[in-house]
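These notes are about the structure you will find just below.
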Amino acid sequence: MSKDILDLAGIGIGPFNLSVAALLDQHPTVKAAFFDSKPGFDWHPGMQLPGARLQTSCLKDLVTGADPCNPHSFLNYLVQRRRFYAFLSAERTAISRREFADYLSWVASRLPSLQFGHGVESVCFEDGLFRLDFRHGSDPVYSRNLCIGTGIRPHIPPACEALAPERSLHCIHLMDRARDFSGKHVAVIGGGQSGAEVMLGLLDGLWGQPASIRWFSRRPNFEPLDETPFTNLYFSPQYVDTFQGLPEQRRRDLVHYQKLASDGISPDTLQALYQRLYEHPLEHPGRPEPELLPGRSLYAVTDNAPMSLLTRNRLDDQFEEFRADQLLLCTGFEHGLPDCLTPIKPKLRLDSTGRPHLHRAFNLDWDGPADRSIYAVNQGRFSHGIADSQLSLTSWRSAVIVNHLLGREQYPVGEDAVPVRWDSRGTRENPVIRDIPHKKAHAGIESI
Ligand SMILES: Cc1cc2nc3c(=O)[nH]c(=O)nc-3n(C[C@H](O)[C@H](O)[C@H](O)COP(=O)(O)OP(=O)(O)OC[C@H]3O[C@@H](n4cnc5c(N)ncnc54)[C@H](O)[C@@H]3O)c2cc1C
């Protein structure tokens, strides 16, 4: 009996692979199926904090940037949900995370190519096809191409690795169930957007009234997301195109330098938080003031009850000790290839830090046949830039992938007109000069 062979098998159904599936839904001749271990679609349910907002425009949805007529757009969601006019009158610059999650679930409910409850256990390559085996023993699936969309893993700081997960809880699980931190000494670790949102939740008494609240951040201050126009151009196809052609060390330096373009705290959140802190002594007389402790790195934690936190102040280089009953880790996420790819990992080209090397079309560099591709979404922060782990270019990236899969320019993915020229292209008026006398003497004096 001949096996049923897919053109594309997607592993993981977060927003990024959902976008690829939404574009492919318009191409019924392409046999695609996407698999996720979860029982149904759910976008970061543990971080659906009341009032949390998307840090990205709702026009940067799953499809619009590539195919504004696609029926899986946010605007169509509003129309179908009968919320279009109410939405316009709300005049919000940013929609709520809850509404975006609802939009994503709405799209997921309309795509027949998605299969939930299908955790991929392993992937191997045999007889020119990828073979996917599932954790719960469903029949294996064969595919010519893969799209890896398994997302991110919570980052646990080394000092907390040995602690019980409930006492040192990563924020991604915070809203998974009801919690009560009443009477506890709570320490929030991590000074990014998640840390700020968790602080707001604590000040609003979302999880009872803690005995004390402390917020530790390694960063020198509680720093804002840079949402200004020229910084936003880092999230444009033109910039990504230039970025991915740069040498590895330059790309690494730029990702570090551009941190606040993607990992800062939304100015609205900072404002709300500051105002709550200002009002706290009047609204809650007699309660201890929350303590904000920037510039501290977590040096060690002892697993006593209460726990003892040793921190190093990066400003004055002093060590301090704090007691806590409950740690809330807002320490970010790690990107990496999923374990299910272990059988084919030796076939992948990795960079000096073990990350996969991605070509322009988000396909991994590997030693398999040229007509078999392994695409990867959310694996290209260091190859395609900070935009890769954000929603901004989701539809554009999916269009690049689908174009490559189809072998034609189905979607326009060329460069939009933007007022900044990043690369040195060389024009008649401004030629690129390749042979500079004394170049060596100047090397190394410029830095970013
Ligand atoms: C709380 C939060 C808020 C965010 N808000 C924004 C924002 O406002 N703007 C922005 O630009 N970005 C935001 N981001 C960043 C980014 O957009 C999201 O993390 C986004 O969910 C990434 O999508 P993804 O598809 O890569 O992965 P994920 O959403 O993590 O989905 C991955 C999926 O893969 C599945 N999976 C994993 N392994 C397997 C396997 N072996 N077999 C089958 N399935 C598997 C998982 O079950 C999961 O469903 C936010 C991130 C977080 C954590």
With respect to Tyr85, is the statement that it is more than 16 Å from the ligand (Cβ to nearest atom) and buried (at least 17 other Cβ atoms within 10 Å of the Cβ) true? no
Return the only residue of Lys38, Lys31 being in the same structural domain as Ser122 (by TED's automatic domain parsing), touching a residue at least 60 places away in the same chain (Cβ under 8 Å) and either open to solvent by 70 Å² or more (accessible area, probe 1.4 Å) or near the ligand (Cβ under 10 Å from one of its atoms) (or both). Lys38
How many residues, within region 15-28, are open to solvent by 20 Å² or more (accessible area, probe 1.4 Å) and either on the phi > 0 side of the Ramachandran plot or near the ligand (Cβ under 7 Å from one of its atoms) (or both)? 1
Among residues belonging to region 230-253 that are touching a helix residue (DSSP H, G or I) at 6+ places or on another chain (Cβ under 7 Å) and away from the ligand (no atom under 16 Å from the Cβ), point out the one that is nearest to Ala94 (Cα to Cα). Phe243
Within region 134-156, is even one residue assigned to a loop (DSSP other than H, G, I, E, B), closer than 26 Å to Phe222 by Cα and acidic (Asp, Glu)? no
For residues that are more than 11 Å from the ligand (Cβ to nearest atom) and within 28 Å of the chain's Cα centre (by Cα), tally how many sit in region 126-135. 2
Within the set of pairs 6+ apart or on separate chains, which have a first residue in region 295-311 that is modelled with pLDDT under 95, a second that is small (Gly, Ala, Ser) and open to solvent by 60 Å² or more (accessible area, probe 1.4 Å), and C-beta atoms under 7 Å apart? Asp303/Ala162
The conditions are (1) modelled with pLDDT of 95 or more; (2) within 12 Å of the ligand (Cβ to nearest atom); (3) open to solvent by 50 Å² or more (accessible area, probe 1.4 Å); (4) in contact with a Ser or Thr (Cβ under 8 Å, 6 or more places away or on another chain), and Ile156 fails exactly one of them. Which is it? (2)
Looking at Ala22, is it under 19 Å from Phe362 (Cβ atoms), out of contact with any strand residue (DSSP E or B) (no Cβ under 9 Å at 6 or more places or on another chain) and not in a loop (DSSP other than H, G, I, E, B)? yes
Restricting attention to region 388-419, the residues that are more than 16 Å from the ligand (Cβ to nearest atom), in a helix (DSSP H, G or I) and either open to solvent by 70 Å² or more (accessible area, probe 1.4 Å) or more than 17 Å from Ala21 (Cα to Cα) (or both) number exactly 1
Quick one: which helices (runs of 4 or more DSSP H) sit completely within region 232-272 and have at least 3 residues that are more than 16 Å from the chain's Cα centre (by Cα)? 237-243, 248-257
Within region 361-382, residues touching a residue at least 60 places away in the same chain (Cβ under 8 Å), of a type in the set (S, T, N, Q) and either assigned to a helix (DSSP H, G or I) or away from the ligand (no atom under 15 Å from the Cβ) (or both) come out as Ser373
Within the set of pairs 6 or more residues apart or between chains, which connect a residue that is assigned by TED's automatic domain parsing to the domain that holds Ala21 inside region 87-105 to a residue that is part of a helix (DSSP H, G or I) and open to solvent by 90 Å² or more (accessible area, probe 1.4 Å) with Cβ atoms less than 9 Å apart? Thr93/Asp268; Ala94/Asp268
Please go through region 277-298 and pick out each residue that is open to solvent by 30 Å² or more (accessible area, probe 1.4 Å), closer than 19 Å to His185 by Cα and either touching a Ser or Thr at 6+ places or on another chain (Cβ under 7 Å) or part of a helix (DSSP H, G or I) (or both). Leu277, Pro281, Pro288, Pro294, Arg296, Leu298
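A quick yes/no check of all residues on (1) farther than 24 Å from Glu166 by Cα; (2) of a type in the set (A, V, I, L, M); (3) more than 26 Å from the chain's Cα centre (by Cα):
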| site | (1), (2), (3) |
| --- | --- |
| Gly295 | yes, no, no |
| Arg312 | yes, no, yes |
| Thr331 | no, no, no |
| Ile344 | yes, yes, no |
Going by what's in this entry, would Leu163 be described as in a loop (DSSP other than H, G, I, E, B), touching an Asp or Glu at 6+ places or on another chain (Cβ under 9 Å) and either surrounded by fewer than 21 Cβ atoms within 10 Å (Cβ to Cβ) or touching a residue at least 60 places away in the same chain (Cβ under 8 Å) (or both)? yes
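The values are calculated or read from the model by the stated rules, or taken from the named source; none is laboratory data. The structure displayed is predicted, hence computed values, not measured ones. Because the Cβ atoms are built from the backbone with ideal geometry, glycine has one as well, and the counts that use them run over all protein chains shown. Keep in mind that these areas ignore ligands, DNA and RNA; they rest on the heavy atoms of the full protein, side chains included. Shrake-Rupley method; radii C 1.70, N 1.55, O 1.52, S 1.80 Å.
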